[in-house]
Amino acid sequence: MQNTCEIGPALFWHSFKKGVLSVIKKILVIGGAGYIGSNACKAIKMSGREPVVFDNFSSGHRHAVKWGDLIEGDIRNEPKIRAALEKVRPDAVMHFAANIEVGQGEKEPGLFYENNVAGTLNVLRAMIDLGLQNFIFSSTCAIYGDPEKLPLVEDMPKRPVSVYGRSKLMVETILEDLSRAEGLRYAALRYFNAAGADLDGEVGEEHDPETHLIPNALKAAAGIGQGMKLFGDDYPTPDGTCIRDYIHIADLVAAHIMAAEHIDQTGESLQLNLGTGNGFTVKQVLNAVERAVGKPVPVEISPRRPGDAIALYADTSKSKAILGWEPEHSDMDTIVSSAWNFHKTVWDLN
Ligand code: UDP
């Protein structure tokens with residue numbers, strides 16, 4: 001088996017340690033052409049399982065579908081997603097398809113609720129009708145809103161401050177109800193800041209427009225475009241910039257496979273934070289980008305971005321205790337250098 005070190009020994013030995021052979025073989029990956037979905041497909045394939053991608057290519061890329069079959073479709077088209085589930089009859093469904101850009105959600109809430117909530121409900125109702133189990137949901141730390149206390153623990157209050165966060169919390173509420181009333185088994189995985197690229201450089205972050213810090217900083221350091229804006233340097237943090245918890249994409253997707261196995265084996269549903277527990281300021285991330293690229297990042301200090309929380313980082317003890325999951329590639333230099341390796345190829349800088 002190649003690439004075992006990339007997705008981490010923890011994932012490979014997870015089933016073994018639990019003393020149970022995995023029955024999760026085939027996984028429908030909704031949004032499998034996107035950043036996290038395509039990395040998940042690779043991890044699924046490399047772990048000896050079979051991914052099947054369902055994607056409408058609204059933001060994903062055809063070139064990122066390379067580890068399994070493709071069904072082109074939109075979750076808002078109920079007959080289409082139902083037919084895909086019926087055809088594939090997956091052992092688990094990983095659902096990454098969503099509108100994610102916080103600013104867009106404030107302008108187009110109807111789109112976010114239609115896609116993120118109603119579309120997801122189509123998937124869930126079809127799964128229940130077809131007797132399918134093991135739904136792995138891309139949730140977010142944005143459901144906690146502006147926290148009163150840090151680190152964030154899973155049972156803390158949920159007061160999302162954006163349409164995006166509310167759309168994800170609505171789905172978590174739906175999941176709780178469907179689980180109680182209809183026996184649906186699920187894991188809601190609350191991502192902190194997914195970052196970095198596949199360690200072989202095959203798939204990474206390619207959003208258009210790109211709003212995330214690391215790709216924007218890499219682009220600025222590489223001299224592409226007009227430099228980047230740093231949104232606010234007057235926050236009450238040690239250097240005045242916001243604090244986030246960055247988790248390497250390889251660690252993030254490994255947790256999805258572990259979660260699918262865990263809920264299948266135990267029959268219990270879960271809500272878990274996926275982060276490292278370490279907070280980095282924007283300026284600390286920019287320093288790591290300068291180390292990776294070997295050039296300064298030209299930055300324009302700009303006003304605060306509406307909706308940005310001052311600081312967010314996870315308490316990861318529940319994920320560690322329940323899944324036996326530990327981040328293995330999430331030190332900041334590995335995150336940034338993997339992203340840089342990927343983007344150098346995409347931007348033709350090699
Ligand atoms: N950020 C920034 N300039 C950018 C993109 C992001 O200063 O071009 C800041 C943003 O305000 C936040 C942090 O970087 O404090 C992480 O933002 P990102 O959009 O990557 O993730 P988020 O935490 O919003 O999900």
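The values are calculated or read from the model by the stated rules, or taken from the named source; none is laboratory data. In this text the structure is predicted, and so the values were computed from the model without any measurement. Note that we place each Cβ from the backbone using ideal geometry, even for glycine, and neighbour counts take in every protein chain shown. Surface accessibility is based on the protein's heavy atoms, side chains included, excluding ligands, DNA and RNA. Shrake-Rupley method; radii C 1.70, N 1.55, O 1.52, S 1.80 Å.
Is it fair to say D239 is of a type in the set (D, E, K, R), within 16 Å of the ligand (Cβ to nearest atom) and farther than 24 Å from F342 by Cα?
Judged against the criteria, D239 is a match.
Tally the residues that are farther than 23 Å from A260 by Cα and open to solvent by 60 Å² or more (accessible area, probe 1.4 Å), restricting the search to region 43-77.
Residues flagged as farther than 23 Å from A260 by Cα and open to solvent by 60 Å² or more (accessible area, probe 1.4 Å) within region 43-77 amount to 7.
Confirm whether A288 is modelled with pLDDT of 95 or more, surrounded by 15 or more Cβ atoms within 10 Å (Cβ to Cβ), in contact with a Phe, Trp or Tyr (Cβ under 6 Å, 6 or more places away or on another chain) and more than 24 Å from H256 (Cβ to Cβ).
So A288 does not fit the description; no.
I need every pair where a residue in region 307-334 that is outside any loop (DSSP other than H, G, I, E, B) has its Cβ under 9 Å from the Cβ of a residue that is within 16 Å of the ligand (Cβ to nearest atom) and at pLDDT below 95, sequence separation at least 6 or different chains.
A311/P147
Being buried (at least 17 other Cβ atoms within 10 Å of the Cβ) and more than 16 Å from the chain's Cα centre (by Cα) is the filter here; which residues of region 335-350 pass it?
V336, S337, S338, W340, N341, F342, H343
Just checking, does region 252-272 include any residue being in contact with a strand residue (DSSP E or B) (Cβ under 9 Å, 6 or more places away or on another chain), open to solvent by 10 Å² or more (accessible area, probe 1.4 Å) and farther than 19 Å from K318 by Cα?
Scanning region 252-272, I find no residue that is in contact with a strand residue (DSSP E or B) (Cβ under 9 Å, 6 or more places away or on another chain), open to solvent by 10 Å² or more (accessible area, probe 1.4 Å) and farther than 19 Å from K318 by Cα, so the answer is no.
Of the residues that make up region 91-106, is at least one free of Cβ contacts under 8 Å to residues at least 12 places away in the same chain and within 16 Å of the ligand (Cβ to nearest atom)?
Yes, region 91-106 contains a residue that is free of Cβ contacts under 8 Å to residues at least 12 places away in the same chain and within 16 Å of the ligand (Cβ to nearest atom).
Take the conditions in contact with a Cys (Cβ under 7 Å, 6 or more places away or on another chain) and either in contact (Cβ under 8 Å) with a residue 40 or more places away in the chain or open to solvent by less than 50 Å² (accessible area, probe 1.4 Å) (or both) and apply them to Y246. Does it pass?
No; evaluated as a whole, the condition is false for this residue.
Can you name the residue in region 273-285 that is open to solvent by 10 Å² or more (accessible area, probe 1.4 Å) and of a type outside the set (S, T, N, Q) and, of all such residues, is farthest from A92 (Cα to Cα)?
Per the criteria, the residue is K283.
Which of the residues belonging to region 221-232 are open to solvent by 10 Å² or more (accessible area, probe 1.4 Å) and either near the ligand (Cβ under 10 Å from one of its atoms) or among the small types (G, A, S) (or both)?
Of everything in region 221-232, those that are open to solvent by 10 Å² or more (accessible area, probe 1.4 Å) and either near the ligand (Cβ under 10 Å from one of its atoms) or among the small types (G, A, S) (or both) turn out to be A222, G223, G225, G227, M228, K229, F231.
Please go through region 291-316 and give me each residue that is of a type in the set (S, T, Y) and either under 19 Å from the mean Cα position of the chain (by Cα) or open to solvent by 80 Å² or more (accessible area, probe 1.4 Å) (or both), ordered by number.
Scanning region 291-316 gives Y313, T316.
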